[in-house]
Every structure is written in C-alpha cells, then in structure tokens.
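The values are calculated or read from the model by the stated rules, or taken from the named source; none is laboratory data. Computed from a predicted structure; not experimentally measured. Here the Cβ positions follow ideal geometry from the backbone for every residue, glycine too, while neighbour counts run over all protein chains shown.
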Amino acid sequence: MATAIDLRQKAEEFKKNEDFENALPFFQQLYVIDKNEWNGYFLAQCLRKTNNFTEARQIHNEINSNYPNFNPIKNEELWLDYSEKIKDWKNDNILEDAEELLAKTNKYDKYTGTIYSKTVLYVVRHLIYKDENSLALKWLDKLDFNVLSNSPFTFKGQKYPSDQKAYYIRYADVLIKLDCHVQYIES
C-alpha cells in the first residue's frame, strides 16, 4: 500500500503538469488516509478543476465545518463559484451570481482580486456575445485596469491573453459597437 508521502508526490507531479484527471485519485486516497485541511483543500481544488463541482462543494463543507478559520478553503470556494456559475455561461442567472460573487471579493486584494477580474471579464464576454454592449460597458467600468494582470497564461497547452489585454480588447470592441469610440478617443 502506498504511503501518504508517495501519494502526495504522485499527486503533485500530475498537478504540476496540469493533469488534474490523473491527480484526482491520488488526492482522494490522500484525503482518506489523512483528513486534514490541506489535503481537503487540494482535493477540492482538483475536483473543481475536473468539473466535479458537487463533490468539491461537499469537501468545502467538510473543511469549513472542521476548520472554520482555514482561509485558503474560503478562497477556493470563490473559485468554485466562479467555475460553476460564471465561467461557462451555462447559468441563466449569470449576472445575479456574478454580482453575488463580486460582493464576496475585492478587486484590490491579492487573493480575491483575480476572481473579481475574471468574473467581470467573463460576464463582459457573455454580454458582448448577447449583443448587450451598453451593459457590457457598465461592467467593464467595474474594473481598475491598473491592477489587472499583464501576464499571459497557459492552461492545458492553450495560451490565453493577459487580463489587461482582454480588458482593452473588449473595451475597444464595445465602444466600436456602440459607435462612441471617436468621442471616447477625443475625450
């Protein structure tokens, strides 16, 4: 039988390579062996990243009830809300859920600021797709471009633009669609 050290080593190896599908069974076994807050946190994170939202929420509830002052799980829960309710636009209440999520975050906080930015940018993307450009502009105004990340990132081999670049692209797109880009430039 594998030891906790062996399980953690294997899980971390897969996680480092963003292979959460293969990391998941190792984190699950690790949590069975030792139900501490960090093992629960990593399991919940892995469940979220493999779209097992219901199971992730169960782990969150366990950790929150057993370790009520464990702040990393609270941040992970915000990411779970983002992944489940905002990211894929499958939610009919996306605007309400986004407002609720933004109320739990702070755009200037080093832990929740990224969740705030990603939520706003995904809602804006959704609104542009729905051709609701006036509302998209109001949502863009919630962001402070000075605090947005300027670093592009890669996930599962796919390259994504930085949040700052996405902000400027969407802002320009909305202004052009609203035919107010000239006034914006002049002012």
Flagged in the range 16-46 as under 15 Å from PRO72 (Cβ atoms) and either of a type in the set (Lys, Arg) or not in a helix (DSSP H, G or I) (or both), in numbering order, are ASN36
Within the range 152-187, of all residues that are more than 17 Å from LYS107 (Cβ to Cβ) and among the polar types (S, T, N, Q), the one modelled with the lowest pLDDT is SER187
Requested in this report: Report whether or not GLU13 is charged (D, E, K, R), within 22 Å of ASP81 (Cβ to Cβ) and assigned to a helix (DSSP H, G or I).
Outcome: no
Residues of the range 161-187 being of a type outside the set (Asp, Glu), part of a helix (DSSP H, G or I) and touching a residue at least 24 places away in the same chain (Cβ under 8 Å), in sequence order, are ALA166, TYR167, ARG170, TYR171, VAL174, LEU175, LYS177
Requiring at least 1 residues that are in contact (Cβ under 8 Å) with a residue 24 or more places away in the chain, touching a Cys at 6+ places or on another chain (Cβ under 9 Å) and within 30 Å of VAL32 (Cβ to Cβ), the helices (runs of 4 or more DSSP H) wholly within the range 47-155 are 53-66
Inside the range 134-187, the number of residues satisfying the requirement of being surrounded by fewer than 11 Cβ atoms within 10 Å (Cβ to Cβ) and of a type in the set (Val, Ile, Thr) is 3
All conditions in (1) over 11 Å from the mean Cα position of the chain (by Cα); (2) over 22 Å from ASP19 (Cα atoms) are true of ILE86 except (1)
Of the residues in the range 50-75 that are modelled with pLDDT of 95 or more and of a type in the set (D, E, K, R), the one that is farthest from ASN91 (Cα to Cα) is GLU62
